[in-house]
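Here's the structure, in structure tokens; my notes come after.
The values are calculated or read from the model by the stated rules, or taken from the named source; none is laboratory data. Since the model is a prediction, treat every value here as computed from it, not as a measurement. Here the Cβ positions follow ideal geometry from the backbone for every residue, glycine too, while neighbour counts run over all protein chains shown. With ligands, DNA and RNA removed, areas are computed over all heavy atoms of the protein, side chains included. Shrake-Rupley method; radii C 1.70, N 1.55, O 1.52, S 1.80 Å.
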Amino acid sequence: MYRYDDDDKRLVRERAEQFRGQVERRIAGEITEEEFKPLRLQNGLYLQLHAYMLRIAIPYGLFSSGQMRQLAHIARTWDRGYGHFTTRQNIQFNWSKLDEVPDILDALAEVEMHAIQTSGNCIRNITTDHLGGVARDELEDPRPWCELTRQWSTFHPEFAHLPRKFKIAFTATPGLDRAAIKLHDIGVRLVQSADGDPGFEIWVGGGMGRTPIIGACIREFLPRRHLLSYLEAILRVYNLNGRRDNIFRARIKILVSSLGIERFRELVEEEWAASREDAMEFRDDEIARMQSFFAPPAYPAAGSSDELLLSYRQAEDLEFARFARNNVVLHKQPGYSAVVLSLKSFDAPAGDLSDTQMDSIANLADRFGFGEIRATHNQDLVLPDVRTSDLPELWRELQTLDVATANAGRLTDLICCPGLDFCNLANARSLPLAQEIRQRFDDLDYLDDLGPLSLKISGCINACGHHHVGNIGILGIDKKGEEFYQLMLGGSADDDASLGRVLGPAFSRDVIVGAVDRVLQTYLGLRESDDETFIEAYRRVGEAPFRDALYGQVLYANHPPA
Amino acid sequence: MATNGQPPGTTTVHVVTGNLTCAGTIVYLSADGSWQTALERARAFEREDEAKAELARVRVDEAEITEPYVFAAASRDGRVGPSSAREILRAAGPSTRLRRPD
Amino acid sequence: MRIIRQREIVDDGWVHVATDEALPSSGDVIVPLARWQSEREELLARTTGRLGVRLPNDRPLAEIAADLPRLALVAIEFPKYRDGRGMSLARLLRQRHGFRGEIRAVGNVLRDQMAYLERCGFDAYELTPGKSLESALLAFDEIAVTYQGAIEPRSVSRLRGSAG
């Protein structure tokens with residue numbers, strides 16, 4: 001992984017010191033909250049429902065065992081002994097005190113971490129495929145490009161005060177997308193030209209929130225040395241032309257959709273033609289230098305085929321076999337596997353880990369790998385370099401930590417925002433709902449029978465829980481102070497991205513889980529074979545059978561399909 | 001978390017709240033002008049405009065309070081309680097079990 | 001008026017002249033863009049004093065680009081300090097248009113955006129009234145490491161690696 005040099009270390013130390021001064025000026029009353037708020041946000045510090053929340057970047061989801069131990073230390077020392085992993089490969093602490101945050105930033109700087117630009121109207125944490133570098137199906141490791149983009153975007157002076165937040169994601173696998181790039185302000189896919197030259201396909205204007213939009217391809221091929229100049233051209237067009245009069249119309253997706261992708265592309269290409277000479281261009285040796293940080297570890301020989309993993313998947317111990325099927329991914333290196341640690345066990349908030357779990361997972365990363373851990377956009381963790389022959393032993397260790405639930409990619413491996421339990425913006429709770437769903441659907445045989453299925457829950461229209469792109473999406477709303485939940489179906493964040501549709505009126509808290517159950521029953525009743533996934537079946541039959549099941553014929557007669 | 005169908009004798013009152021700038025803790029403006037962590041000790045303004053006037057003063061005068069606002073609460077037998085999902089959770093804390101109970 | 005220019009607190013000799021104010025016969029003046037456009041010939045006919053234009057941040061630079069050789073100063077307005085359009089405008093003024101005069105930030109200008117502004121090409125700052133200029137001066141050096149060349153595009157050693 002990337003290691004900080006002296007300049008990188010100095011930058012994060014200076015940032016902590018700078019924030020210490022800003023906090024002192026705020027507490028002394030020298031600056032108002034209105035002036036201070038953008039400063040604390042650009043350091044990832046929100047005022048949430050109960051307290052300050054600090055969001056720390058895990059750049060492109062990659063961190064080390066040492067960094068994990070420091071996160072455990074922070075949880076113990078300055079918070080309430082736990083942290084929450086988010087969909088954007090960040091971790092959040094919910095109980096920060098303003099005057100202690102500079103100390104936390106110092107502690108992060110010690111281990112080459114920071115909270116820079118994890119909030120505010122700037123370029124946020126760069127995200128990517130959590131299997132980057134180990135995925136057998138990838139064209140190339142996306143992480144060197146993520147790190148280059150992280151450095152370029154860090155304190156970029158021109159783009160420190162954009163109209164709205166800005167999210168960039170990378171993927172490197174043809175025809176597959178584990179980073180949801182089409183739902184980002186900019187999505188970058190590593191590709192090859194017809195001649196075999198490496199470069200990028202650039203997507204722009206995707207996003208969720210209250211106006212979900214699937215991005216458009218702005219450039220099919222960009223030679224790789226031009227990545228940053230092209231990103232600068234897009235950002236500059238946005239910075240100068242994005243709306244600033246209405247926070248709900250300020251994202252780049254609104255600019256792109258109001259101009260149309262053709263006109264937006266013209267503006268960007270015009271800007272790029274005029275500015276690319278002034279902007280940064282990579283030389284091959286610079287690219288190679290960055291790639292060297294992400295070179296594969298020296299894997300000791302560990303067998304040469306996938307047969308061992310395939311045999312584990314048929315093992316006599318049915319629970320281990322299930323774990324090997326659902327939570328273990330084939331690795332680029334023969335004899336190795338990538339292992340998903342589920343942060344969706346049955347009795348804890350989705351995405352949460354205690355300090356002791358963090359410490360133990362750090363130890364496992366050292367023992368069963370090379371000290372690396374990944375945070376996924378699905379709010380799970382991955383140990384990326386496990387010798388396949390170590391899987392039985394690792395599995396037993398993970399069970400004692402309550403992170404071995406074999407539900408990766410299943411219904412209960414859901415995405416869930418913090419909701420009204422913690423969030424200042426939320427309209428309804430999402431964590432207890434997620435918990436109830438996991439408790440109700442705790443039969444793993446049943447989950448396997450349902451097959452690949454994504455359930456995503458947001459506690460408000462800002463869509464941090466990605467409800468628009470869940471095969472099943474749930475959106476919490478407020479009706480006169482009471483929590484209600486809209487159900488939507490048909491979303492997907494994959495390469496064939498689609499937005500879910502609301503089928504009818506919202507459900508109250510006590511019946512929403514039953515409504516989910518009815519959707520599942522309907523799917524099982526109409527699928528053509530055991531292999532037809534939920535999303536395939538939904539796309540084949542459309543919403544009518546599901547709406548009938550949920551709302552009945554009477555309602556259906558009053559509200560005929562559009 | 002039902003909030004409709006309030007029992008008879010319940011009236012709507014208005015409360016000024018915010019967070020302590022330094023600690024982040026939720027506090028409510030009390031009758032003696034101090035800031036209290038318990039909602040029951042909050043001053044119950046009968047008229048919203050009175051509460052809003054107090055809010056305006058707090059915004060200008062009290063740097064130790066961050067992001068103050070006014071919300072509608074329920075008063076019964078002189079006791080103030082929350083009447084929305086949001087304020088119930090603010091007053092009582094998260095309804096989820098924490099990984100490590102404190 | 002005291003302002004910050006090139007990282008020093010100075011007494012500023014420039015005078016802002018509003019659209020409806022009488023133009024002083026001598027001295028350096030900064031006029032709103034609209035006045036520059038409507039009284040361009042009169043302003044150019046002044047025999048003493050330099051000229052500056054105050055540019056709202058939602059107007060394209062094309063409106064003054066041809067006149068830049070005649071201007072010694074461009075003031076860019078910040079209606080709110082978190083409105084970052086002026087940052088792109090300054091960078092374009094320096095890089096695309098080669099403007100070498102003073103670029104001054106006016107309006108809601110606060111200490112904590114100045115380091116960014118300087119790297120975009122600003123060299124003078126009229127702070128929001130009531131804010132300490134002495135405190136603001138300290139902001140330039142808070143973070144010495146930069147990853148981007150910004151207006152010095154070819155000195156991007158950080159992203160160029162040790163070979164750069």
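Things worth noting here:
- Residue-normalised accessible area of region A:134-292, given per residue in Å² at a 1.4 Å probe: 33
- Comparing the full protein assembly with the isolated chain, the residues of region B:68-94 losing at least 10 square angstrom of accessible surface (1.4 Å probe) are B:SER84, B:ALA85, B:ARG86, B:LEU89, B:ARG90, B:PRO94.
- What you get for the protein assembly as shown, charging only the Cβ of Lys and Arg (+1) and of Asp and Glu (-1), is a dipole of about 1300 debye around the Cα centre.
- Estimated from helices alone, the mean residue ellipticity of chain A at 222 nm is -11500 deg cm²/dmol (sum of -39500 (n - 2.57) over DSSP H runs with n ≥ 4, per residue).
- The protein assembly as shown: antiparallel DSSP beta bridges as a percent of all, rounded to 5: 70
- By a 1.4 Å probe calculation restricted to protein chains, B:CYS22 has an accessible surface near 50 Å², given to the nearest 10.
- Accessible surface buried at the A:C interface totals approximately 4000 Å², computed with a 1.4 Å probe on protein heavy atoms.
- Cut-off 11 Å between beta-carbons: net charge of the residues surrounding B:TRP35, Lys and Arg +1, Asp and Glu -1: -1
- Surface composition of region A:415-558: carbon plus sulfur atoms contribute 49% of the solvent-accessible area (1.4 Å probe, protein chains only, all chains present).
- Between B and A, accessible area buried - total, square angstrom, nearest 100, 1.4 angstrom probe: 2900
- 26 Å Cα-Cα reach of A:LYS37 towards lysines, excluding residues that sit fewer than 8 places from it in its own chain: A:LYS9, A:LYS97, A:LYS165, A:LYS167, A:LYS253, B:LYS52, C:LYS80, C:LYS131
- With every protein chain in place, region B:13-102: carbon and sulfur % of accessible area (1.4 Å): 47
- For the protein assembly as shown, the cysteines with no partner cysteine C-beta closer than 4.7 Å are A:CYS122, A:CYS146, A:CYS217, A:CYS416, A:CYS423, A:CYS460, B:CYS22, C:CYS120.
- Cα centroid separation, region A:186-218 to region B:25-102: 46 Å.
- With protein chains left intact and a 1.4 Å probe, residues in region A:307-400 average 34 Å² of accessible area per residue.
- DSSP beta bridge pairing in region A:415-558, given as percent antiparallel to the nearest 5: 70
- Shape class of region B:12-63 from the Cα gyration tensor (axes a ≥ b ≥ c, square roots of the eigenvalues): oblate, since a/c reaches 1.5 or more and a/b does not exceed b/c.
- For region A:1-61 versus region C:73-121, the gap between their alpha-carbon centres in whole angstrom: 24
- Cα gyration tensor shape for chain A, rounded if a/c is under 1.5, else prolate or oblate: rounded
- Accessible surface of region A:307-400 [probe 1.4 Å, protein heavy atoms]: carbon and sulfur percent: 50
- A 1.4 Å probe run over the protein chains yields, for region A:440-534, 37 Å² of accessible area per residue, whole-number rounding.
- Euclidean distance between Cα centres, region A:510-550 to region A:113-146, Å: 34
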